[in-house]
Amino acid sequence: MKLATLRTADGTRAVRLEGDVLVDLGYADLGDLFAEEGWQAGAAAATGTTYPVARADFAPVVPNPSKVICVGHNYTNHIKEMGRDLPSYPTLFPKFAETLTGANDAIVKPSETEALDWEVELAVVIGKPVRRADEQQATDAIAGFTVMNDISLRDWQFRTVEWTQGKIWEATTPVGPYVVTPDEAGGVRPALKVRTTVDGEVMQHDDTGTLLFDPVFLVQYISTAITLNPGDIIATGTPAGVGNARDPKVFLRPGQTVVTEITGLGACTNEVVEA
């Protein structure tokens, strides 16, 4: 299934893609849906109000996750371009619900930065509570996968050795448009093509099959420390090709359009605008 959270005149609605329409699932958003035990059967069978895909206004797939955990240094090529050694453990940092924005929303360039960078990422969405998961529990906890553009303010990110201040700017991180369940995404360790373009120029391209720490391992690892709740998001890291690693460096400017896409999951298409 391909699931989404849609903005409507009456608020957000959880929906399922069926051809050229989106079917209302009876929940306000996907976070509410995933909190229901056995949500898969209900979502597959729902026959609610329909909305045309052509006019869809997508909200973040989960508008209010209890946590967003991001992984750095997870593609071999990106680690090398940043001049670092391969890590023994995942590098983790948080984002917050206020950081997220819709798959087709404009990205408002903060006036405080001149180093706005792109990062296409495969994101894992959690579908049931899990703590100290073994491999099977981690597998069962994955509701599906979506696309994230982990927009980064590099001049703020590298002010200190801790990255969070460059990663959490309000309404700067597109996520969506769909959560695609593992049966349609290629399993819980999918090998999918990822790509970023800026005004049509390819900036990043790789394959999620080359992740150092795969989605199942990340659910196990993170849930060792803290409970992962339905709707929580794990961003699995970005491949080579970020603007900060180029010579000379290249950053996003108002008027440009950045597209982050993953085969089979969809794309975030976002115009950069002035604050």
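Here A240 does not fit the description of being in contact with a Cys (Cβ under 8 Å, 6 or more places away or on another chain) and closer than 22 Å to L86 by Cα.
Restricted to region 261-275, and to residues there that are assigned to a strand (DSSP E or B) and of a type in the set (G, A, S), the residue that is farthest from D117 (Cα to Cα) is G266. The requirement of being more than 16 Å from the chain's Cα centre (by Cα) and either farther than 26 Å from D140 by Cα or not β-branched (V, I, T) (or both) is fulfilled nowhere in region 167-182; no residue meets it.
Kindly establish whether A171 is surrounded by fewer than 18 Cβ atoms within 10 Å (Cβ to Cβ), on the phi < 0 side of the Ramachandran plot and not in a strand (DSSP E or B). Criteria not met by A171.
Annotation note: of V188, V250, the sole residue that is touching a helix residue (DSSP H, G or I) at 6+ places or on another chain (Cβ under 9 Å), part of a loop (DSSP other than H, G, I, E, B) and surrounded by fewer than 19 Cβ atoms within 10 Å (Cβ to Cβ) is V250.
Show the residue pairs that are 6+ apart or on different chains and have beta-carbon atoms under 6 Å apart, the first residue being within region 38-65 and farther than 28 Å from I107 by Cα and among the aromatic types (F, W, Y), the second being outside any loop (DSSP other than H, G, I, E, B) and at pLDDT 95 or above. Once the first residue is farther than 28 Å from I107 by Cα and among the aromatic types (F, W, Y) and sits in region 38-65, its partners that are outside any loop (DSSP other than H, G, I, E, B) and at pLDDT 95 or above give W39/L33.
Applying the condition of being free of Cβ contacts under 8 Å to residues at least 24 places away in the same chain and not small (G, A, S) to region 80-128 and asking which residue is farthest from S152 (Cα to Cα) yields D85. Output yes when any residue across region 53-68 is hydrophobic (A, V, I, L, M, F, W, C), over 21 Å from L265 (Cα atoms) and in contact with a Lys or Arg (Cβ under 7 Å, 6 or more places away or on another chain), and no when none is. No, there is no match, as no residue in region 53-68 is hydrophobic (A, V, I, L, M, F, W, C), over 21 Å from L265 (Cα atoms) and in contact with a Lys or Arg (Cβ under 7 Å, 6 or more places away or on another chain).
Within the set R154, R132, the sole residue that is of a type outside the set (S, T, Y) and at positive phi turns out to be R132.
Say whether the condition of being modelled with pLDDT under 95 and among the basic types (K, R) is met by at least one residue in region 253-260. Scanning region 253-260, I find no residue that is modelled with pLDDT under 95 and among the basic types (K, R), so the answer is no.
Under the condition of being part of a loop (DSSP other than H, G, I, E, B) and crowded, with 24+ Cβ neighbours inside 10 Å, which residue from region 111-131 is nearest to the chain's Cα centre (by Cα)? By that ranking, first place goes to E119. Might you check whether a residue that is on the phi > 0 side of the Ramachandran plot and in contact with a Lys or Arg (Cβ under 9 Å, 6 or more places away or on another chain) occurs anywhere in region 260-272? Yes: region 260-272 contains one or more residues that are on the phi > 0 side of the Ramachandran plot and in contact with a Lys or Arg (Cβ under 9 Å, 6 or more places away or on another chain). Taking V71, is it in contact with a Pro (Cβ under 6 Å, 6 or more places away or on another chain) and among the β-branched types (V, I, T)? So V71 fits the description; yes. Once region 132-168 is narrowed to residues that are among the polar types (S, T, N, Q) and assigned to a strand (DSSP E or B), the residue that is surrounded by the fewest Cβ atoms within 10 Å (Cβ to Cβ) is S152.
The values are calculated or read from the model by the stated rules, or taken from the named source; none is laboratory data. Quantities reported herein were computed from a predicted structural model and do not represent experimental measurements. Heads up, the Cβs are rebuilt from the backbone with ideal geometry, glycines too, and the neighbour counts pull from every protein chain shown.
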